[in-house]
Each structure stands twice: as structure tokens, then as C-alpha cells.
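Values in this text are rule-based calculations from the coordinates and carry no lab data. These figures come from a predicted structure and were not determined experimentally. Backbone-built Cβ (ideal geometry, glycine too); neighbour counts: all protein chains shown.
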């Protein structure tokens, strides 16, 4: 983002016809907005991530906005972008193949791919803020069967704030729902 600039990234997305995708902040900017202050640039993202569920975390700033002042997309626009990447229509075929390769390396597989049979490739990216859980990617249901899928969710983290058990139960229920949807899609599209 620093190299290309926000304006250039947004212009590129809009030139692709993806006017519902907006990029305005780096991940550090998002954390800084949530924490209400600039973080030490040497501080690891894993340390910052631990603070996202702290009581003092701001949930009324840009990081939680659904508008174009935040890094946002509609599920339809994200699914369209993924389909374009799969078809090699973003930049060029080699760049799209590299993007898919990176997405296939995702280590957090407890959402859409949760209940897929072992070894089913799923090129995806998760997104998480307190009260937000997302997953979007390309499900390889078979050699000739691929599905672009995006799920975005919001939940009331304030309702379980301070109760780790209820928070974990809620997160587990959301992830399980994602996994059931992923399995339904796989079953519907596998040859």
C-alpha cells in the first residue's frame, strides 16, 4: 500500500468495475484507530492483535465503519474480484496464479474450509476484528469445478464482553456456520 498508494489501489479496483471495494488504511492504521493512538512501529502485529478485544478498544472509529472511509467491500464485489483473479483477469495470468498460490497458503482454516474433506484446496483469506469474522476465497470442488465464495459476518461483541466462555461459544458458532456453508457449497459443486 505504501508503494502504490491508496488512491492508485482504489482507482485500479474501480477500473476493474469493483466500485464497492474501498481501501483506505494499512493494518497498522486499523489497529491505531482501534486503540485511539499511534502504535510503536516496532511493535509486532501479534501484540496489537491481543489488544483488539480489550475493554478500552474503540469500536466507534473508522476501523468499524461500513462506509468507504474504511477498508470495506460488499460480499458481491469481493466474490467478483476472486472470480476475476481465478480467471486471470487482474493484472496478468502469472500475477493471478501467484495470488492464488498465496491464498492457498492460508493457515487459518477454521471457517469456510472447516468441514471440507482433507486435502480439498481452498484459496482464501480470513478477516477478523472484534465483532467481525469474514472469509472469502476460491473453493476447488473438483478439477473442473471451482466456486468463488464470500461470507461476511458481524456480531455483538459487547453482549459477551468480559465473558470469555460466551465469547468463545459465539465465535465457535459463527465459525461452525461458515464451515457448514463451505461444506454445502462443496457438496453442491463437486463432480
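Out of region 93-122, which residues are in contact (Cβ under 8 Å) with a residue 24 or more places away in the chain, in contact with a strand residue (DSSP E or B) (Cβ under 9 Å, 6 or more places away or on another chain) and not in a helix (DSSP H, G or I)? Across region 93-122, the qualifying residues are 106, 110, 111, 112, 113, 116, 120, 122. For region 81-92, the tally of residues that are within 18 Å of residue 21 (Cα to Cα) and in a loop (DSSP other than H, G, I, E, B) stands at 3.
Is one or more of the residues making up region 125-141 surrounded by fewer than 14 Cβ atoms within 10 Å (Cβ to Cβ) and more than 20 Å from residue 173 (Cα to Cα)? Scanning region 125-141, I find no residue that is surrounded by fewer than 14 Cβ atoms within 10 Å (Cβ to Cβ) and more than 20 Å from residue 173 (Cα to Cα), so the answer is no. Being within 18 Å of residue 80 (Cα to Cα) and under 19 Å from the mean Cα position of the chain (by Cα): is that true of residue 109 here? No, not satisfied.
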